[in-house]
1. What does the charge add up to near residue 10, with Lys and Arg as +1, Asp and Glu as -1, over the other residues with Cβ less than 13 Å from its Cβ?
2. Assign one of three labels to the stretch 21-95, namely rounded, prolate or oblate, based on the Cα gyration tensor with a ≥ b ≥ c the square roots of its eigenvalues; rounded applies when a/c is under 1.5, prolate when it is not and a/b is larger than b/c, and oblate otherwise.
3. Expressed in nm to one decimal, what extension gain is obtained for the pair residue 15 and residue 154 from 0.36 nm per residue of sequence separation less their Cα-Cα distance?
4. Just list whichever of 47/100; 22/133; 133/158 have alpha carbons separated by over 18 Å in the model shown.
5. Peptides 153-163, 31-41: what's the order by average Cβ count within 10 Å, highest mean first?
6. Compare the peptides 12-19, 1-8 by average per-residue count of other Cβ atoms within 10 angstrom and give them in order, highest first.
Amino acid sequence: MRADIVPGAVFPDYELPDHATKRQKLSALQGQHPMVLVLSRGGYCPKDRRQHELLVELHRELEVGYCRLVTISTDNITETNEFRSGIGAHWPFLSDPARKIQKDLDIAEYTDPDHNPMIPHTIVLEPGLVIYKIYNGYWFFGRPTLEDLRQDLRVVTKKCRQDWDITGPELKGGMAARAQGTLLSLRQNVCPNSRRTGLSRSPKKRSEVRRHNHCKFISQSRAPLTSAAGAVLLPFILIASFLLRWSGELVARYTAKSSTIFLRI
């Protein structure tokens, strides 16, 4: 490993294509969260596959713990997708078939000239790509266990999360002030015209203003409502009018005919 890649230093912000061929920068993938970066030989290595099978279990904890996980290997895009899908992983896998990182960090695994991978490393990063710890995984048991990573992420999270312990009086007071400011902002956004609508007045005044606004709303909405109702009911009114007129004519004809028959009798 390059001499300047040590705990406390900033890891290079490499940009590589991911499993979906989209170019990604490590800083963008990390955001403001702790991150575990795995430099892998690739899917052909049984040690790397076993490590990543264990990481699948840990990844569910990382998601709820607001941490990130990224794997980089020298596999091409097709091999990267086969590796990722084969173990059921759901985090970003970056592809570096040109061995950019291998050469830049001086971690070529010269004992395997056929595959020419990079020596496996697992790096725990604080926000800002600051290196917290480096694990050399040439031998399998040089790699961190899940418990090792949990302990590392606990320390890193405690360092970067100011609200790790919310019981302190200073933090509690600050959070209360922020909550009050947020509530005030929310009220202003929801009721920007609170002074004009009377919300800052006495309860009696507010009740009168609400009644006035309600009546105003009803008067404004009645016209379009009446027009809409009329448009819907007009066909039924016309049909009913026609039926009444027709039935009246029938009754008149029947009455006249009955009177004629009665007079004849």
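Taken together, the values in this text are just the output of simple stated rules run on the coordinates, not laboratory data. All values derive from a computational prediction rather than experimental measurement. Ideal geometry is used to build each Cβ from the backbone, glycine not excepted, and the neighbour counts take in all protein chains shown.
1. On the way: positive: 2; negative: 4, 13, 126.
Cβ neighbours under 13 Å give a net charge of -2.
2. Numbers: a/c = 2.02, a/b = 1.27, b/c = 1.59.
In terms of gyration-tensor shape, oblate.
3. 47.3 nm
4. Details: 47/100 23 Å; 22/133 28 Å; 133/158 15 Å.
Over 18 Å apart, Cα to Cα: 47/100; 22/133.
5. Details: 153-163: 14.5, 31-41: 21.4.
Packing order, densest peptide first, comes out as 31-41, 153-163.
6. On the way: 12-19: 17.1, 1-8: 11.1.
Result, highest mean first: 12-19, 1-8.
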